[in-house]
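Enquirer: One structure coming up, written as structure tokens, with questions to follow.
The values are calculated or read from the model by the stated rules, or taken from the named source; none is laboratory data. The structure presented is a predicted model; accordingly, all values stated were derived computationally and were not measured. Neighbour counts are summed over all protein chains in view; Cβ atoms, including those assigned to glycine, are modelled from backbone coordinates with ideal geometry. Please note that ligands, DNA and RNA were not included when accessible areas were found on the heavy atoms of the full protein model with its side chains. Shrake-Rupley method; radii C 1.70, N 1.55, O 1.52, S 1.80 Å.
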Amino acid sequence: MRPFRLIVPLALALACTAAAAGTTVKLGPSPVLGGGEYSTGGGVTVAVELRNWSGKTGLCGVWAESERLTAYVRHKGDRVLQKGSIALGNEVLTYNLNFLRQVAPSQSYAGAPAGCVRLSRDWRAGDADRQLEVRIPRQDLQLDSNGTRGGGLRVTFRDTGHANPALTSGSLLPKKWTSFGSWSGKIE
């Protein structure tokens with residue numbers, strides 16, 4: 001019974017912090033876009049912005065994935081984001097972008113409900129004028145059946161410079177044929 005008394009307050013505190021940051025925050029009119037594309041087509045877009053959060057640096061943002069993707073990359077977006085980072089000038093603010101909230105691909109992500117993280121870094125004069133940069137490294141997502149790089153299918157993710165890669169298509173098949181599977185997450 002005693003361990004339960006210790007766990008409940010901690011769990012409630014964490015839930016309240018996450019809910020306050022994730023459910024009421026919307027992106028402003030000009031989030032910074034980044035991302036990349038899969039070698040099989042389609043891609044991931046990240047939209048982020050910097051915030052002064054009571055004297056600390058905050059990051060808020062969303063991510064979207066193309067609606068029609070090949071089976072090789074379907075539901076790999078979270079894996080791709082895990083290796084990403086966000087920099088402010090030459091300073092990396094955070095690694096692992098899985099705090100971002102997933103939304104449907106859109107021409108604009110302004111006003112989208114965002115996931116946020118408050119950093120331990122103090123807000124500094126001039127931060128609002130410095131440019132954020134989304135960095136997601138090139139990565140191999142699928143190799144041939146025995147895990148080697150020789151002769152089999154190789155699917156990579158890389159930054160292609162496309163402004164909004166989630167709007168590109170990775171499959172010629174209709175969306176209803178490429179969106180089946182076991183994932184049951186909610187996209188807003």
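Enquirer: Using θ = phi - 60° and the Karplus form 6.51 cos²θ - 1.76 cosθ + 1.60, what ³J(HN,Hα) does each residue of the stretch 55-60 get, whole Hz, x for Gly and Pro?
Expert: Running phi through 6.51 cos²θ - 1.76 cosθ + 1.60 with θ = phi - 60° gives x, 10, 7, x, 10, 10 Hz.
Enquirer: Going 7 Å from the Cα of Leu167 toward and past its Cβ, which residues in the stretch 85-124 have a backbone nitrogen under 15 Å from where you end up?
Expert: 104-110
Enquirer: Give me the number: length gained by fully extending Ser30 to Gln139, i.e. 0.36 nm times residue separation minus the C-alpha to C-alpha distance, one decimal in nm.
Expert: 36.4 nm
Enquirer: Ranked from the most accessible area to the least, with a 1.4 Å probe and all protein chains present, what is the order of Leu69, Leu167? List each step's numbers first, then the result.
Expert: Values: Leu69 0, Leu167 75 Å².
Heavy-atom accessible area, descending, gives Leu167, Leu69.
Enquirer: How long are the semi-axes of the equivalent ellipsoid of the stretch 43-116, defined as square roots of 5 times the Cα gyration tensor eigenvalues? Whole Å, largest first. Walk me through the numbers on the way to the answer.
Expert: On the way: eigenvalues 112, 43, 17 Å².
Ellipsoid semi-axes (Å, largest first): 24, 15, 9.
Enquirer: With every protein chain kept in the model, how would you rank Ser169, Ser120, Ser66 by accessible area, 1.4 Å probe, largest at the top?
Expert: Details: Ser169 60, Ser120 105, Ser66 5 Å².
Reading off the accessible areas and sorting them downward yields Ser120, Ser169, Ser66.
Enquirer: Going Cα to Cα from Lys56, which aspartates and glutamates come in below 14 Å? Please leave out same-chain ones fewer than 8 positions away.
Expert: Asp122, Asp127
Enquirer: Round to the nearest 10 and report in Å² the accessible area of Trp123, as given by a 1.4 Å probe over the protein chains' heavy atoms.
Expert: Approximately 60 Å² for this residue.
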